[in-house]
Amino acid sequence: TRTAPLFSNHDLVRLLWPLIIEQALAVLVGMSDTVMVSSVGEAAISGVSLVDMINNLIINIFAALATGGAVVTSQYLGARKPEEANRSAGQLVSLSALLGVAVAAVCLALRAPLLRLFFGSIADDVMHEALIYFTITGLSYPFLALYNAGAAIFRSVGNSAVSMRVSVLMNIINIIGNAVCIFGLGMYVEGVAWPTVISRALAAVLILAACGRRT
């Protein structure tokens, strides 16, 4: 006998389209930094572009690990064991925080060797700007890991719209912050780096607060 599908096509579309938008917005943070810093100079835009390649790799790593961890939460939810699901979600958040801090520590300690390993010989002025941007944005890795953990938890309960809305807000804050720091305060690479950290920190706080309200 033919069994009925667990999810209808409408359910899948409702789950997937916010997820697609969210993933695009996650990369857009770095892209907006590159665009906004282009008015500062060639060395600045080159340095930011190089670091963003590493940042995008780390974003994908955090997203993949968080999604894998949320599978356990989904299994408990499917078995109608809410207490175990809450416990596994809490473990996912804790492990993501530890992983984010560890990745940040390694990247900050080895930022110059990592840049030379990935990109070889780099001009001194480009390296200078890249190190500034890498140092500041590296501070956002724990927040980025926590945001991905929260987003994965919401996806595990079939609600990807919450993480999409938080991601939209994160990008708005980042773009406004970039504009204020670059054009208003006359900052250089720091002017696009600090708004990135602030926007990711706020996104992590908002999505974890939403997870807490749901539980």
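A few notes on this one:
- When +1 charges are put on Lys and Arg Cβ atoms and -1 charges on Asp and Glu Cβ atoms, the dipole computed for the range 34-140 relative to its Cα centre reaches about 520 debye.
- Rounded, prolate or oblate (a/c below 1.5 giving rounded, otherwise prolate when a/b exceeds b/c) for the range 135-199 by Cα gyration tensor: oblate
- Taking every Cα-Cα distance in the chain and sorting them into 5 Å bins starting at zero, the pair-distance distribution P(r) comes out as 1, 8, 14, 18, 17, 14, 11, 7, 5, 3, 1, 1, 0, 0 percent.
- Averaged over residues, the count of other Cβ atoms within 10 Å places the peptides 142-150, 69-77 in the sequence 142-150, 69-77, highest first.
- The residue among 144, 194, 119 whose Cα reaches farthest toward the positive pole of the charge dipole of the chain, with charges on the beta-carbon of Lys, Arg, Asp and Glu, is 144.
- C-alpha long axis of helix 82-109 to longest principal axis of the chain, angle in °: 10 degrees
- Protection proxy ranking, peptides 103-109, 168-174, 121-127, average beta carbon neighbours within 10 Å, highest first: 168-174, 103-109, 121-127
- Net charge dipole size for the range 92-204 [Lys, Arg +1 and Asp, Glu -1 on Cβ; Debye, nearest 20]: 420 debye
- Relative contact order of the range 160-215, defined on C-alpha pairs under 8 angstrom at six or more residues apart (%): 42 percent
- Shown for the range 122-215: the carbon plus sulfur share of the solvent-accessible area, taken with all protein chains present and a 1.4 angstrom probe, equals 70%.
The values are calculated or read from the model by the stated rules, or taken from the named source; none is laboratory data. Everything numeric in this text was worked out from a predicted model, so none of it was measured. Glycine also receives a Cβ, built like all others from the backbone with ideal geometry; neighbour counts cover every protein chain displayed. Quick note on the areas: whole protein, heavy atoms, side chains included, nothing else; ligands and nucleic acids left out. Shrake-Rupley method; radii C 1.70, N 1.55, O 1.52, S 1.80 Å.
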